[in-house]
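Beneath this line is the structure, given in structure tokens, with notes to follow.
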Amino acid sequence: MRSKQARLDRFISRQLNIPQREVKLLLARGQVRVDKSVANNGQMLVNEFSHIAVNEQVLQAIQPKYLMLNKPAGVVSATKDPQHKTVIDLLEPGDHSDLHIAGRLDFNSTGLLLLTNDGRWSRFIASPENNIYKRYRVTLEKPLDSRYVEAFSQGLFFDYEGITTRPAKLKILSDYEAEVSLREGRYHQIKRMFGRFQNKVLTLHRLAIGPLILDAELKPGQSRMLSEQEVADIVRA
Ligand code: URA
């Protein structure tokens, strides 16, 4: 995952509005700390989550946040909505103004939803090139058959966007139930794919995003922070 980085000396010079030679002095005198350790090298790269202080003055202290939520039906995957409850309304009270959603689910879809303030992490998850498969359990109105498996793996042409969907995996579990794995997330993608067979999706539940599986302990509407390991596993997958 490529991070948006900046050189420490340039960052300090910009933040304090002082010339580079003054920054050099601060660094040489051991007055700069990055992530609580003295930093002497101005060429060191820092990012938006590096804790940076000059003497006692904290220049930057943003904590990265990563949460998983078990989204219930009837809630909007948005941070604000004039009409309906949003996924943000389901979180523990606190300041969530910096959070965004890493891969939306439709109003009536349920399951694993990720929220973060780390734009690089969410872009990495969304980008089809990174092969982060999103796995869904789907129930259908009409029985399934092997034609679907073939069509999903070939890709389906979507007129509106003028694109062919990337190869998707379809595992038929029973006549009316399947697991679908996609590495992209187009508008109503799964519903539209089954729509090609005039087969209506009755329920859609996201089980996993890459190696991250929805925590079985989370009841609909509940959320928890991800562990450092879980955050890292997604980008290593
Ligand atoms: N595809 C859909 O059609 N809806 C979702 O919520 C997710 C994927």
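Data overview
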{"read-out": "Convex hull of Cα atoms in segment 5-60, direction-averaged projection (nm²)", "value": "3.1"}
{"read-out": "Stretchable slack from R7 to V38, in nm (0.36 nm times residue separation minus alpha-carbon distance)", "value": "9.6 nm"}
{"read-out": "Check: segment 1-82 dipole with +1 on Lys, Arg Cβ and -1 on Asp, Glu Cβ, in debye", "value": "200"}
{"read-out": "Segments 60-68, 90-98 sorted - mean Cβ within 10 Å per residue, highest first", "value": "60-68, 90-98"}
{"read-out": "Pairwise label distance in nanometres, D233 with K191, each label 7 Å out on the Cα-Cβ vector", "value": "3.1"}
{"read-out": "Among T86, Q189, V201 - extreme Cα towards positive end, dipole of the chain, charges at beta-carbon", "value": "Q189"}
{"read-out": "GNM top mover of V87, V149, V54 - the chain, alpha-carbon springs below 10 Å", "value": "V54"}
{"read-out": "Rg over Rh, two decimals, the chain (C-alpha only, Kirkwood Rh)", "value": "1.10"}
{"read-out": "Size of electric dipole in segment 44-175: Cβ of Lys, Arg +1 and of Asp, Glu -1, about Cα centre, debye, nearest 20", "value": "440"}
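Each reported figure results from applying straightforward, stated rules to the coordinates on display, with no laboratory input. None of the values given here were measured: they were computed from a predicted structure. With ideal geometry, Cβ positions are generated from the backbone for all residues, glycine too; neighbour counts draw on all protein chains shown.
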